[in-house]
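Beneath this line is the structure, given in structure tokens, with notes to follow.
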Amino acid sequence: MGGISNAQVEWALINRLKAMLDDPPKTKFNITQTFSLFSTILLWSKNRAWVGGYNPPPAWPDPIDARAHAVRQQLQNERIVDPPWLLSLHEPALVSVKKDQGAALAAAEVNADFQNMSADQFVKWLRDAFGHGDGRTIRPLHRHKGDAEKTWLIGFEIRFQASINSPNILHLHLYEADMRRIGSRLADLFCTSLSGGNKYFEEEIGTKERVTEAKTA
């Protein structure tokens with residue numbers, strides 16, 4: 001059967017989110033925009049990569065589900081603090097916006113809870129913190145610098161249980177560079193797995209833009 005498949009449309013969606021994360025549309029709300037793009041990539045990729053749960057079927061009804069599940073298998077072999085993920089272990093210094101503003105913040109140590117966590121464990125934990133938390137699990141992370149009347153949004157602070165019903169609460173500082181790096185890598189893994197590495201597939205949908213976006217009345 002000809003035409004554009006669901007897998008191709010799905011590939012186009014995540015590829016476009018990655019493109020906007022890598023080369024963001026111009027805005028003064030860079031942290032907010034990055035969080036929006038990153039969150040969408042995280043939620044979509046995690047939900048698709050976990051298809052089949054912990055007991056995937058011996059034969060997949062849809063071969064695309066098998067490709068999506070392969071993303072999870074790749075994530076299991078990498079630590080979230082190692083390349084290419086490189087979750088921050090120190091708070092980044094603020095860049096001065098004006099010459100007369102104060103010195104950069106000291107690089108405090110952060111994210112010790114995740115030093116030995118695999119990428120798949122991190123993706124699942126963060127998706128759960130975003131989507132399953134009852135109550136306040138995410139807060140804006142901001143710092144005062146220079147002008148007492150201003151505060152600078154630098155990322156997000158997430159506190160969420162290590163696992164279901166666990167008394168252990170993990171504490172994450174998620175900065176813009178982390179969201180760009182981790183989100184881009186996750187989207188790249190997802191798209192490569194979904195296309196099966198088929199360059200013709202990617203060129204047809206990406207370069208030739210076979211999937212256009214509708215405007216509603």
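The values are calculated or read from the model by the stated rules, or taken from the named source; none is laboratory data. Model, not experiment: these values are computed from the prediction. Virtual Cβ from ideal backbone geometry, glycine too; neighbours counted across all protein chains shown.
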Any hit, region 70-92, residues being touching a Leu at 6+ places or on another chain (Cβ under 7 Å), hydrophobic (A, V, I, L, M, F, W, C) and modelled with pLDDT under 90: no
Subset of region 134-191 (residues that are among the β-branched types (V, I, T), modelled with pLDDT under 90 and within 18 Å of M117 (Cβ to Cβ)): T137, I164
Of residues in region 1-56 being charged (D, E, K, R) and loosely packed, with under 15 Cβ neighbours inside 10 Å, the one farthest from S193 (Cα to Cα): K28
Condition broken by P25, with the remaining ones in (1) assigned to a loop (DSSP other than H, G, I, E, B); (2) in contact with a helix residue (DSSP H, G or I) (Cβ under 6 Å, 6 or more places away or on another chain); (3) of a type outside the set (D, E); (4) over 22 Å from P92 (Cβ atoms) satisfied: (2)
Among (1) closer than 14 Å to I80 by Cα; (2) surrounded by 12 or more Cβ atoms within 10 Å (Cβ to Cβ) - the single one I158 does not satisfy: (1)
Scan of region 59-72 for residues that are within 17 Å of the chain's Cα centre (by Cα) and over 16 Å from W11 (Cβ atoms), ordered by number: R72
Residues being buried (at least 21 other Cβ atoms within 10 Å of the Cβ) and in a helix (DSSP H, G or I) - total across region 108-134: 6
